[in-house]
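Engineer: For reference, the structure I am asking about is given below.
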Amino acid sequence: MPGRASDPGNSLVPFSPEVRDPVVYPIRHGIKTPLFRVFVSWSHGNLLNVACLQASPPESNAAAGTAESEVNIGGKVVEVRLGDGDGEINEAQRRRIAYGSVPAFAMLQSRRNSLSMMSRMASSSFRNEWWRHVLEYSNQIKDLLGTPRLPSSSVIEDPKMVLQQIEEPTSLKVAWELMEIFYVDKQSSAWLPERLVDWLADYDCILAKTEPAIYSKLVNLQKKIVNIQVIEDDPEYWDGISSALAVGWLDVVVKLLRLHGSYQLDQLGNRETENGLVEAVAVLVSTMPRMRADVPTGKLGQCYKTKPDFVKAWEKWRGHITKLECSAFWVQCGHRQTREGLRNLLQIMLGNIKNLTTSTCHWMELYISHFLFIRPFSMGLEGMYSLAQKCMQLKPSSNSSGLIGVFMGILGGNTEVVLAECSKAFGPWMVAHAMELLMATDDHADILLHEERYNLGGISMEELYRLIYAQVLSSHPLTWQIAPTYLASCSKQGLGLLEVLLYRQSAHNYRVTLKNLEICRLYELENISECIMKIAGVYYWKHGRRGSGIHWLQQAHDEVRLNRIAQQLFDCIGKSISDDSFKQWEGLVELLGSEVGTAGGLEFLHKYRDFKRSLHLVHDKKAVDAARQTVESLVQLMRSPSTPRRFWLPLLHDSVHLLNWQGRPLLNVSETTLLLSKLQELSMAKLHPDFSDFDLPPQALATVRLALAKNLRQAILEES
């Protein structure tokens with residue numbers, strides 16, 4: 001890990017060495033106290049398994065409290081999550097995000113490899129091409145993190161519906177889009193302030209969860225509008241309008257202004273001047289110059305793509321505001337709240353810092369208002385960082401969230417801080433995937449994350465964070481399958497850890513084994529694939545599933561173990577050469593097959609199987625063809641060097657009735673001589689190391705010798 005807790009000065013990401021207060025995690029176990037014992041063990045990820053056991057009742061009270069003791073449970077295991085994490089996302093959603101982000105990540109890595117393999121592409125050309133791929137990758141991840149805000153699809157729009165009812169986004173998506181704005185999207189870099197305005201409009205509801213924000217103010221106002229008769233008399237009405245204008249929510253401002261009582265038909269005659277002032281301000285708001293490519297559907301403002309055109313329109317627009325501010329119609333407006341509220345809106349549009357500070361709730365909102373009404377042109381990160389610090393002084397925040405930490409790290413140009421805040425607030429997934437955004441257009445971040453570091457074991461920070469995320473995935477039985485995608489992207493230690501991960505998977509699960517082999521095939525890990533099949537084969541063989549064991553060993557081409565299995569079959573068949581014994585192993589003999597390379601013992605087993613089958617066909621003395629075929633199998637077995645010597649006598653003893661065949665002899669002189677020579681060797685069988693005493697009659701050897709002698713006599717007479 002980067003740095004040591006005892007030496008914060010050498011860490012990659014600085015941290016405070018101060019000892020913090022211990023964190024207390026409540027455990028709701030439902031066990032009647034006192035507890036007898038508590039066991040704590042690690043679960044997957046950052047979860048702890050805590051087993052709480054109840055003390056057994058004393059023997060004296062056992063009889064009296066029998067009914068009560070039966071009701072009380074004896075123990076319970078609960079899970080405790082360490083760290084705050086992102087409470088907005090549950091475990092099922094995290095897994096959905098983890099699986100959904102794999103295709104986008106893998107595609108981006110594939111494109112990186114393709115571009116890097118192109119012939120001598122210049123660095124500038126690579127950058128110009130690469131950021132577009134990263135932007136596409138970012139859009140895919142954003143769609144995964146949540147659906148975008150869509151305009152209202154209602155045919156009849158409620159005039160009192162100020163804010164649309166939408167699904168609130170997560171802080172994870174908010175931080176992701178923030179990094180996309182600053183690091184990836186070159187097309188909107190010319191109108192970066194406007195991108196921040198849109199960003200706050202979409203995600204101010206996130207700030208409202210922990211601190212006062214304009215979004216929560218407007219939500220409360222929308223609930224109140226329904227029951228207010230004279231809305232312009234309510235101070236919250238004008239406060240909501242000024243707040244919405246301060247952050248550039250022009251459509252909300254115009255909607256609220258059009259709810260003014262002077263627009264009612266019965267009031268137009270008496271309040272004509274007042275209505276004219278309200279409409280004039282509404283027109284100024286709706287025609288506010290915006291330096292951006294276009295305006296989203298339902299939003300207001302006039303777009304200008306070039307700076308000269310925008311400056312010209314900006315000065316003209318502010319001239320109209322100044323002219324209206326100095327107009328004599330304000331004297332004729334008899335409604336004090338309307339007069340004061342409208343003039344406050346004009347001061348906001350003129351960039352009065354006092355009015356902007358009063359109208360905003362959070363320093364981030366004040367920060368955005370500067371870009372709208374004071375500094376409409378983009379500035380460098382250093383200037384934006386200084387402005388952010390100034391706004392934080394004017395609007396101190398009591399809660400320092402991870403989102404704010406990421407924002408300040410971006411403005412400060414500190415890649416380490418951004419990664420540290422992402423890791424702290426959003427976890428390893430965010431860091432592993434957001435690094436691609438940081439390196440899209442920033443050469444400094446690219447060098448920093450790809451630099452090999454001695455204190456990290458010779459790996460880069462990029463590989464470190466990917467390994468951390470892969471470790472989190474590997475610790476859960478539902479996500480380990482996607483960890484190889486990230487391990488394979490780590491050139492130093494990834495493949496080694498991938499091998500460890502695959503070996504750790506259970507061999508008794510057929511589907512898991514197939515998944516392991518698929519991963520090996522995908523990443524061309526042939527050696528690991530063979531080892532996994534060997535492990536599965538040995539496991540199944542040892543646990544009695546011999547057919548599955550032989551199957552996997554054959555897939556692994558493990559001739560050594562297959563020969564050992566064949567040797568075990570020899571021993572088992574040799575101990576009891578009866579037909580019932582052979583039937584027990586005949587299925588394995590067929591499964592072993594004859595194409596096992598040097599496994600000569602398997603060749604014997606197949607010939608022995610064919611001999612046994614032919615022998616069963618010889619039911620009577622008239623089956624001459626079957627008898628001749630059986631004798632041919634016998635001779636082949638006796639001639640074959642793969643036939644163990646301990647099987648010679650059982651084979652000959654099984655064939656005694658063939659040797660005593662009535663009529664023409666089934667064996668000629670040379671074949672009979674061969675069998676007699678083999679029988680002569682058996683006379684010294686007790687001196688041979690592999691001798692095995694079969695369960696045969698004591699006179700078996702003499703019976704076979706006599707049968708061969710008779711067959712030899714008949715064969716000589718037949719050939720003479």
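The values are calculated or read from the model by the stated rules, or taken from the named source; none is laboratory data. Remember, predicted model here, so these are calculated numbers, not experimental data. When we count neighbours, we look across all protein chains shown, and the Cβ atoms used for this are built from the backbone with ideal geometry, even at glycine. The protein model used for the area step is the full one, side chains on, heavy atoms only, and it has no ligands, DNA or RNA in it. Shrake-Rupley method; radii C 1.70, N 1.55, O 1.52, S 1.80 Å.
Engineer: Near the amide H of GLY75, under 5 Å away, which other amide H atoms are found, from residues 5 or more places off or on another chain, if H is placed in the peptide plane?
Structural biologist: Correct list: GLN54.
Engineer: At 1.4 Å probe size, with no ligands or nucleic acids counted, give the accessible surface of THR643 in Å², nearest ten.
Structural biologist: Taking all protein chains as shown, THR643 has close to 10 Å².
Engineer: Let me ask you something else. Can you compute 3J(HN,Hα) from phi for each residue in region 252-257, using the Karplus curve 6.51 cos²θ - 1.76 cosθ + 1.60 with θ = phi - 60°, rounded to whole Hz and x for Gly and Pro?
Structural biologist: Each residue's phi maps through the Karplus curve to give 5, 4, 5, 4, 5, 5 Hz.
Engineer: For ARG453, which sequence-distant residues (separation of 5 or more, or a different chain) have an amide H within less than 5 Å of its own amide H, given hydrogens modelled in the peptide plane?
Structural biologist: GLY458, ILE459, SER460
Engineer: Going toward the positive end of the dipole of region 399-462, with +1 on Lys and Arg Cβ and -1 on Asp and Glu Cβ, which of ALA425, ALA440, TYR454 do you reach last?
Structural biologist: Toward the positive end, the furthest listed residue is ALA425.
Engineer: Further question on the same structure: VAL331 versus ARG96, label points 7 Å from Cα toward the beta carbon: distance in nm?
Structural biologist: Taking the two extended label points, one gets 6.4 nm.
Engineer: Follow-up question, since we're still on this one. Output needed for region 324-392: three equivalent-ellipsoid semi-axes, defined as square roots of 5 times the C-alpha gyration tensor eigenvalues, in descending order, whole Å.
Structural biologist: 30, 13, 6
Engineer: On to the next question. Keeping every protein chain in place, order ARG628, ARG453 by accessible area at 1.4 Å, biggest value first, i.e. largest first.
Structural biologist: Most to least solvent-accessible, the answer reads ARG628, ARG453.
Engineer: Now for a separate question. Could you pull out every one of the lysines with an alpha carbon less than 16 Å from that of LYS142, ignoring same-chain neighbours closer than 8 positions?
Structural biologist: LYS173
Engineer: Where does the charge balance sit around ALA707 when Lys and Arg score +1, Asp and Glu -1, over other residues with C-beta under 14 Å from its C-beta?
Structural biologist: After counting each charged neighbour, the total is +2.
Engineer: Which value, in Å² and to the nearest 10, is the accessible area of PHE329 when all protein chains are kept and the probe is 1.4 Å?
Structural biologist: 110
Engineer: A further question on this structure: If you wrap region 351-429's Cα atoms in a convex hull and average its projection over all directions, what's the area in nm²?
Structural biologist: Here the figure is 5.5 nm², rounded to one decimal.
Engineer: Further question on the same structure: Tell me the volume per residue, in Å³, of the convex hull enclosing the alpha carbons of region 177-328.
Structural biologist: 131
Engineer: Another question, if that's okay. Distance between Cα centroids, region 237-280 to region 318-332: provide it in whole Å.
Structural biologist: Centre-to-centre (Cα) distance: 16 Å.
Engineer: If you add up the charges near TRP552, with Lys and Arg at +1 and Asp and Glu at -1, over every other residue whose beta carbon is less than 13 angstrom from its beta carbon, what do you get?
Structural biologist: +3
Engineer: Under the 0.36 nm per residue contour assumption, what length would be gained going from the current alpha-carbon distance of VAL77 and ARG37 to full extension?
Structural biologist: Extra length from VAL77 to ARG37 when fully extended: 13.2 nm.
Engineer: Right, another one. For region 656-679, list residues with backbone N below 20 Å from a point placed 7 Å from the Cα of GLN699 toward its Cβ?
Structural biologist: 656-662
Engineer: With a 1.4 Å probe and all protein chains kept in place, how much accessible area does ARG318 have, in Å² rounded to the nearest 10?
Structural biologist: Roll a 1.4 Å probe over it and ARG318 shows about 60 Å².
Engineer: Could you tell me how far the Cα centroid of region 386-456 sits from the Cα centroid of region 647-666, in Å?
Structural biologist: 89
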